[in-house]
1. Would you mind computing, in nm to one decimal, how far apart the modelled labels at residue A:152 and residue B:224 are, each placed 7 Å from Cα along Cα→Cβ?
2. Can you give the average number of partner chain beta-carbon atoms within 10 Å of each beta-carbon in peptide A:83-95, as a whole number?
3. Any chance you could run the full-extension gain for residue B:102 through residue B:57? It's 0.36 nm times the residue separation minus the Cα-Cα distance, nm to one decimal.
4. Starting with the fewest neighbours, write out A:222, A:204 ranked by other beta-carbon atoms found within 10 Å of each beta-carbon.
5. How large is the dipole of chain B about the Cα centre if only Lys and Arg carry +1 and Asp and Glu carry -1, each at its Cβ, rounded to the nearest 20 debye?
6. Taking only Cα atoms, what is the 0 to 90° angle, nearest 10, from helix B:182-201's long axis to the longest principal axis of chain B?
7. Based only on other Cβ atoms within 10 Å, what is the fewest-to-most ordering of A:267, B:34, A:247, A:103?
8. Please work out the FRET efficiency for the pair residue A:113 and residue B:6, using the Cβ-Cβ distance as r and a Förster radius of 25 Å; give the result to the nearest 0.05.
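What follows is calculated from the coordinates using simple rules that are stated; it is not laboratory data. Bear in mind that the values here come from a model prediction, so they are computed numbers and not experimental data. Don't worry about glycine lacking a Cβ; one is built from the backbone with ideal geometry, like all the others, and counts go over all protein chains shown.
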Amino acid sequence: MTAIAGNAGIMAKRAAARRRFDPLALLAIPAAAYFVVALVFPLGRLLLDGFSVGGGVGIGNFTRYLADPYNLGVVWNTLRYGALVTLVAAIGGYAYAYTMARSGPKMQMLLLIAIVLPMTTSVIVKAFGWLVLLRSNGLVNHLLMASGIVREPLPLLFSQPGLIVGTASILLPYMVLPIFGVLRQIHPDLLGAAATLGGSPIYCFRKVILPLSLPGLIAGICFVFSMAVSAYVIPSLLTGAGFKTLSKVAADSYLVILNPVRGATVSLILLAIAFAAVFLAGRVVNRKPGQMRA
Amino acid sequence: MIKRPLEKLVFATTGLVLAIQLAPIVVVVLVSVSASPVFDVTVGEFSARWWERLWANRTFWSAITLSAQIAAVSTFLAILLGTPAAIAIARAEFPGRDALAALILSPLMLPGIVLGIAMLQGFKAYGLTIPLAAIVAGHVVMTLPFIVRSILAALALFDFTLIDAARTLGCSFPRAIRKVMIPALAPAYVSGGIFAFLASFDNYPISIFLADARTKTLPVQLLEFIEESPNPMIAAVSTLLLVLTILALLALERFVGLRRAAAI
């Protein structure tokens, strides 16, 4: 791609720069060396553990793991959890970002604070807050009963809807920020123009706003999905032992049942899923992928 | 330009999201001053007993101190490693530069549990068996990306000819860096440093694999406590963490600006 974009002059200059070694590059050595030792080697070892089969190398651990219907259920459960959380966060996050983009500076700042404060707050604190909210005599049930929607308190804690809304709410800021980033760049006149030309509001939204904000939405979807499938603290607090996700199984393989091969296998499946989501996000937004996660 | 019903729906959703965002935080604060012995919000009746319990609880105070120390040390180490790395990535042309930048930012996007597991096995293979050293070593991997990311963003705006100007006026190169570049990067250090500190202070997935019984960090201790002996003292600890977060955000707004820090 760059070869097509770049012309001969730039290529020649780059080649010259590469030949003439830049001593500033040496400054990267400590951090690079540290990351190789503390991150690349450990991950490489995990890869080796996952792909080693009886002295050789192969995909035997993965095929054997996925052949068991119970394990396949864990993978499916993880993907389903990730997808539902992402769906809820996308709907809520899009509406929120849209309102934020159309508000005046003061209101915008207020709405920004209202997501940056929870975003910066410890995950354990938020998950604990949800635990209190979802209890059978917690606030959500009180509100539901007071408004007459239900008569008996619902078992929300340790239930899937409770877990999904709780997780979606905790990850929502990572959906709002990228969508807001693109929405606020859309010129308000564009909407006016589309409406003047006779487009209905829904038509305008579908044909003008949605396509223009798609990169932000897709980025948000990929980030939230990858964070939801790898979440550990939130499902641990909001569900019982019966709800198994890949990250819980991976952690238990080391902390409880001490089965490193199983742990490595599950970790690598999780890594592949999360990596695929982030890679997709990186392809869609030409921003540096890390930039979104403040 | 959007017609009423649709706009109403969007506003209603926004309001609901806003309430849902703030509800868990507000509830935590209210429970911490609740007079009830279980997680309940009491109306018109407050009690400081959970705060008194927390005040007297040595386990939590030592966990808080330990986590603050680990966060401070790993942020400091990340600044030492990250500053030169960011300068090299921003200024030098060398093979593998983009790959290095991606590698350094990658811990922000990898599943924390997988990182923790990889480090547990990897550090054991190195013979690194001192839990505290292992935790700090692991946390530096989490703090470095925050530091490098914000310094890279600041370096993109920094005018490097200022350094040449300082050198023309008789500064040595290290002195020019210290007197001209470091002050210009100060906001980046504040925002990167705050996010790095919080990332380490809140880290659970790496700590849980590297900590032993004597080096339980605050998140490890807190989760254990919630699962084993839940009482509203947890709400008091959580409120304390919330206050810390608000102070950090105020500092961020004061020195950097919230919009810039949120990278939007």
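1. 3.9
2. Average neighbour count from other chains, rounded to a whole number: 2.
3. Gain in length upon complete extension: 11.9 nm.
4. Fewest-to-most Cβ neighbours within 10 Å comes out as A:204, A:222.
5. In debye, rounded to 20, chain B gives about 680.
6. The angle comes out near 40 degrees.
7. Fewest to most other Cβ atoms nearby, the residues stand as A:103, B:34, A:247, A:267.
8. 0.40
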